[in-house]
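Asks: Below is a structure I'd like to ask you about.
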Amino acid sequence: MKVASGLVSGLQLTPELAADAVRNALHGAGLERADQVLLFLTRDFVRHAQPAIVAAARAAGTLQVSGCTAYGLLTERGWLLDQPGAAALVFAQPTPDHGERSGPLLSFSSHHTLPHDWRSLPARAGLLDAEAASWAHGRLAGTPGAEVRLPGVHARVACSPGLRLLGLPLTVNTTTGYDMRQLGGLAAIDSLRRSLPAEMRADPPLHQIVVSRAVEEPAVPILSINADGSLTLGEALAVGETVHWAIRQPLSAERDMRRSLLSALPGESQNGAVNAENTPDFALMFSCLGRGPLFYGNEDRDLLAFAEQFPGVPLLGAYGGGQIAPVGKRNRLFQNTVVTLLYESSHVQSFA
């Protein structure tokens, strides 16, 4: 398999942006046509996606075009926000695929929450973006969204929530619905303030703070501080449950991204360097505006971490409202998280 990516932007919203992204990717892979295309478009295309999909299919010489719209786009060469654009990854297989290897089912949804039918196996990874358009095999998808499996490849999943735990684990003492009232023997707000650095206690930055149940589980956001000292959470907790306070900050998030990429690979060396034999052949990255350039100060350090660890590896990604990843024997919806799929195949040739 040969693979490469392409990213284009323009001032005008035209289907040719999608075609140009495909042509750039084909040129990078040294191909005249592709067997399959993954295509991401900016949200400008929500109501104009089909003409762009058709243009991409014509440029690639295949109807196997799948993807979705998103807030922003990225490849190994950079990212795009606030301007119409398209990003594509093209594939061509030199030998027939017998389906002996596969990765998670790529899934793209316009729901506000993870569709019920997607919560159980098979394993899924992808993007959720409210009111987005999604497509598979060259056609717009309905409910619950689009899904596609990439044949002949295997994917390792790297999930980076970007959190730093604060203090020791605590036991949930009292709750009422979504309101957490007591934690670790204290009123919820007092427990939180005790865990925070002194400069944050008077006015806790709720958009950065979460309740962490387990490292591999989605964190629970804090919605509000209430007059009685309770905290309203985005999900109900159970009395007796053990949790951590956690915070998301740029430095710790970048470190967590690097850790997640390394831990997804076999044969990690003692000094944390990537074993060249384990370098992925290409990758997909599902990120969030809460972890992209707006979080890091006009640069995407998660993308930089990928490029530094895997120089020249083709990458396609997008920024969406929620990230889908398999956890154990079920699929979960994350926020402010980077889910990276590191693909490998005995037939892949990568082109920088």
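The values are calculated or read from the model by the stated rules, or taken from the named source; none is laboratory data. As the structure is a computational prediction, the values presented were derived from the model and not from experiment. Every residue, glycine among them, receives a Cβ derived from its backbone with ideal geometry; neighbour counts consider all protein chains shown. The protein model used for the area step is the full one, side chains on, heavy atoms only, and it has no ligands, DNA or RNA in it. Shrake-Rupley method; radii C 1.70, N 1.55, O 1.52, S 1.80 Å.
Asks: Please find, among LEU63, LEU11, the residue that is touching a helix residue (DSSP H, G or I) at 6+ places or on another chain (Cβ under 9 Å) and part of a loop (DSSP other than H, G, I, E, B).
Replies: Sole residue among the options that is touching a helix residue (DSSP H, G or I) at 6+ places or on another chain (Cβ under 9 Å) and part of a loop (DSSP other than H, G, I, E, B): LEU63.
Asks: Further question on the same structure: If you check PHE91 against the conditions, is it under 24 Å from the mean Cα position of the chain (by Cα), hydrophobic (A, V, I, L, M, F, W, C) and either within 25 Å of PRO293 (Cα to Cα) or surrounded by fewer than 21 Cβ atoms within 10 Å (Cβ to Cβ) (or both)?
Replies: The answer is no for PHE91.
Asks: Just to check your reading of the model, which residue among ALA227, ALA214 is without any contact (Cβ under 8 Å) to a residue 40 or more places away in the chain and closer than 25 Å to THR113 by Cα?
Replies: ALA214
Asks: Got a number for residues in the stretch 155-187 being surrounded by fewer than 18 Cβ atoms within 10 Å (Cβ to Cβ) and among the hydroxyl-bearing types (Ser, Thr, Tyr)?
Replies: 4
Asks: Looking at (1) open to solvent by less than 10 Å² (accessible area, probe 1.4 Å); (2) of a type outside the set (D, E, K, R); (3) not in a loop (DSSP other than H, G, I, E, B), which one does LEU17 not meet, given that it meets all the others?
Replies: (1)
Asks: Still on this structure, please answer the following. Which pairs turn up if I take residues in the stretch 315-344 that are within 22 Å of SER252 (Cβ to Cβ) and β-branched (Val, Ile, Thr) and look for partners that are at pLDDT below 95 and open to solvent by 10 Å² or more (accessible area, probe 1.4 Å) with beta carbon separation below 6 Å, at least 6 apart in sequence or on another chain?
Replies: Matching pairs, first to second residue: VAL327/GLU216.
Asks: Identify all residues within the stretch 304-331 that are part of a helix (DSSP H, G or I) and open to solvent by less than 10 Å² (accessible area, probe 1.4 Å); write none if there are none.
Replies: ALA305, PHE306
Asks: Still on this structure, please answer the following. Take the residues in the stretch 29-51 that are in a helix (DSSP H, G or I) and open to solvent by less than 20 Å² (accessible area, probe 1.4 Å), then tell me which one is farthest from GLY142 (Cα to Cα).
Replies: The qualifying residue farthest from GLY142 (Cα to Cα) is ALA29.
Asks: Spot the failing condition for ALA132; the list is (1) in contact with a Cys (Cβ under 8 Å, 6 or more places away or on another chain); (2) under 21 Å from LEU315 (Cα atoms), and only one is missed.
Replies: ALA132 satisfies every listed condition except (2).
Asks: Please go through the stretch 196-218 and pick out each residue that is open to solvent by 30 Å² or more (accessible area, probe 1.4 Å) and either part of a strand (DSSP E or B) or touching a Gly at 6+ places or on another chain (Cβ under 9 Å) (or both).
Replies: Scanning the stretch 196-218 gives HIS207, GLU216.
Asks: So which residues in the stretch 52-77 are surrounded by fewer than 24 Cβ atoms within 10 Å (Cβ to Cβ) and either on the phi > 0 side of the Ramachandran plot or touching a Ser or Thr at 6+ places or on another chain (Cβ under 8 Å) (or both), if there are any at all?
Replies: Hits for the stretch 52-77 are GLY61, TYR71, GLU76, ARG77.
Asks: Quick check on ARG23: is it within 22 Å of PHE286 (Cα to Cα) and open to solvent by 20 Å² or more (accessible area, probe 1.4 Å)?
Replies: no
Asks: Which is open to solvent by 10 Å² or more (accessible area, probe 1.4 Å) and part of a strand (DSSP E or B), of LEU237, LEU223, LEU262, LEU251?
Replies: The unique qualifying residue is LEU223.
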